[in-house]
1. Whole number please: convex hull volume per residue of the Cα set in the stretch 85-233, in Å³?
2. Quick one: compute the contact order of the chain, relative version, from alpha carbon pairs under 8 angstrom and 6+ residues apart, as a percent.
3. Can you tell me, using C-alpha contacts under 8 Å and at least 6 residues apart, the relative contact order of the stretch 1-137 as a whole percent?
4. Roughly what would the spin-label model give for Ser6 and Glu245, points 7 Å off Cα along C-beta, in nm?
5. Modelled label-to-label distance, Asp217 and Asp51, 7 Å Cα→beta-carbon offset: nm?
6. Probe of 1.4 angstrom, ligands and nucleic acids ignored: what's the accessible area per residue over the stretch 196-259, in square angstrom?
7. Give me the accessible area of Glu221, 1.4 Å probe, in Å² rounded to the nearest 10.
8. Nearest 10 degrees, 0 to 90: what angle lies between the long axis of helix 226-238 and the longest principal axis of the chain (Cα atoms)?
Amino acid sequence: MSFISSLTLGHLDNRQHEAAAAAVLRVLEAHDIEVEMVAGDRDTLFSSLRDGNIDLLATAWLPDIDPMLADPATAEILGSVLYRPYLLWAVPASLDIAGLRSIADLSKPDIASVIDHAIVLPRRLETYAIRVLAAYDLEQAGYRLDVLDDEAAYAHASTALDATAARVLPLWQPHALAHGGRLRPLDDPRAALPARQEAKLLLRTGLRASLDPHLLDELGELTLGNPVVSALEYAMRTDGMTADEAAEAWQRGRLTPRA
């Protein structure tokens, strides 16, 4: 039987998803698949899957963040969990403030007096951050959200870590700034943050029979893990690599994941 030799690989248009997609691309290219990469927002990717314009998507965060992408009428979930994304609120690991262990501690007067009350975050985290502020009564303690685009929020967080600034950093993990252990997560005793997710590959419904079973097996067994995705994004942001260069360095053992 003849199998297809080209496909379209989609991913959400941010560095984390681009990094994971580049690792998937290495697997496809090892099977001599010609790949076209497509990036977009959730609505665009869902429409492209539905209309048959994307064959494989890396990755959907399930069950809560990207459920629309995993509509069985549109796409099937391949077996592996590539990594396990989760949202955390953190401070620089080197920041030394006595008694600061959880998000609840931020409202304590002695801690609130030294922590920057402007909580800077990318727009895609705003909905979740509003819930956290409400759950912990942080607005009453003087905190406010400062919503920026992804790149500006990243630059702010990176500067905070470099300067050991007394700032709260809401971040999805994996993340470039998690590479090297520079973040100290704050506990979430009121469970205001979303549950840990599973990052899954999605295959366009009806395409399975057109792909080499050996390729499907390898994709179904592919596991990256959070430290690898963090390291890939770190290489892209800090070392100036493209996503494909970072994935090749990882594949050849030249990129070392660190917790």
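1. 128 Å³
2. 30 percent
3. 19 percent
4. Here the modelled spin labels are 2.7 nm apart.
5. In this crude spin-label approximation the distance works out to 3.7 nm.
6. In whole numbers, the stretch 196-259 has 49 Å² accessible per residue.
7. Accessible surface of Glu221 is approximately 140 Å².
8. The answer is roughly 80 degrees.
The values are calculated or read from the model by the stated rules, or taken from the named source; none is laboratory data. Predicted, not measured: the structure shown is a model, and the values here were computed from it. In this analysis, Cβ positions are derived from the backbone assuming ideal geometry, glycine residues included, and neighbour counts consider all displayed protein chains. Ligands, DNA and RNA are stripped out before the accessible areas are found, and what is left, the full protein with its side chains, is counted by its heavy atoms. Shrake-Rupley method; radii C 1.70, N 1.55, O 1.52, S 1.80 Å.
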